[in-house]
């Protein structure tokens, strides 16, 4: 029993590291949509929550943020460092961690999460990211909440809907085949 538990912990750490790396890679994959190009960071944040569960999903995003904090240029636009996390857009990065946790806990709360529940979980996860991001952007850029919403949310909504659809399709495929467990130990 103890060996099985240890294997589970190792597996979860491997998955968390993998999704942390995927989120980092997602920052470099740019899809040129109008009015703003999108990256795939939130796709991997959502997938981490759905597929890994709350704890391990959040851990994957903590790993991602730590990679950026130690100087690897893994944040959007090749940025890194504490200045980015504490800057106007840092709330979105913090939101990734909280969103992966919330998404994961929502999916874990259902014995078998169907597509509608996964969509709802991802929507709430995006809401978490946008809330934390908008608040920090407004505060540190000294702009109103409505200006922060117009700059930091509205342009990204079309891309987020596309990423959400992709996340649902990918998640259903993985969960159906049990390729990745969503239960963290």
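The values are calculated or read from the model by the stated rules, or taken from the named source; none is laboratory data. Predicted, not measured: the structure shown is a model, and the values here were computed from it. For neighbour counting, all protein chains shown are included, and Cβ atoms are generated from backbone atoms with ideal geometry for every residue, glycine included.
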Do we have any residue at all in segment 163-183 that's touching a strand residue (DSSP E or B) at 6+ places or on another chain (Cβ under 9 Å) and crowded, with 16+ Cβ neighbours inside 10 Å? yes
Could we say that residue 103 is part of a helix (DSSP H, G or I) and either more than 14 Å from the chain's Cα centre (by Cα) or farther than 23 Å from residue 173 by Cβ (or both) here? no
Pick out the one residue from 125, 68 that is at pLDDT 95 or above and in contact with a strand residue (DSSP E or B) (Cβ under 7 Å, 6 or more places away or on another chain). 68
Could you give me the residue pairs with C-beta distances under 7 Å whose first residue belongs to segment 153-177 and is free of Cβ contacts under 8 Å to residues at least 40 places away in the same chain, whose second residue is surrounded by 14 or more Cβ atoms within 10 Å (Cβ to Cβ) and assigned to a helix (DSSP H, G or I) wherever it lies, and which are 6+ apart or on separate chains? 153/130; 153/134
Matching residues, segment 118-140, being free of Cβ contacts under 8 Å to residues at least 60 places away in the same chain and closer than 15 Å to residue 100 by Cα: 119, 120, 123, 124, 127, 128, 130, 131, 132, 133
Tell me the residue from 74, 98 that is free of Cβ contacts under 8 Å to residues at least 60 places away in the same chain and either within 18 Å of residue 171 (Cα to Cα) or buried (at least 20 other Cβ atoms within 10 Å of the Cβ) (or both), please. 74
Might you let me know whether segment 81-93 holds any residue that is under 15 Å from the mean Cα position of the chain (by Cα), touching a residue at least 60 places away in the same chain (Cβ under 8 Å) and within 30 Å of residue 6 (Cα to Cα)? no
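Which is at pLDDT 95 or above, out of contact with any helix residue (DSSP H, G or I) (no Cβ under 7 Å at 6 or more places or on another chain) and part of a helix (DSSP H, G or I), of 139, 93, 132, 149?
The match here is 139.
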Suppose we keep only residues that are in contact (Cβ under 8 Å) with a residue 60 or more places away in the chain, in a helix (DSSP H, G or I) and over 19 Å from the mean Cα position of the chain (by Cα) within segment 1-56. Which one would you say is surrounded by the fewest Cβ atoms within 10 Å (Cβ to Cβ)? 5
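Of the residues in segment 101-118, how many are in contact with a helix residue (DSSP H, G or I) (Cβ under 6 Å, 6 or more places away or on another chain) and either surrounded by fewer than 17 Cβ atoms within 10 Å (Cβ to Cβ) or closer than 22 Å to residue 64 by Cα (or both)?
Total satisfying the criteria: 9.
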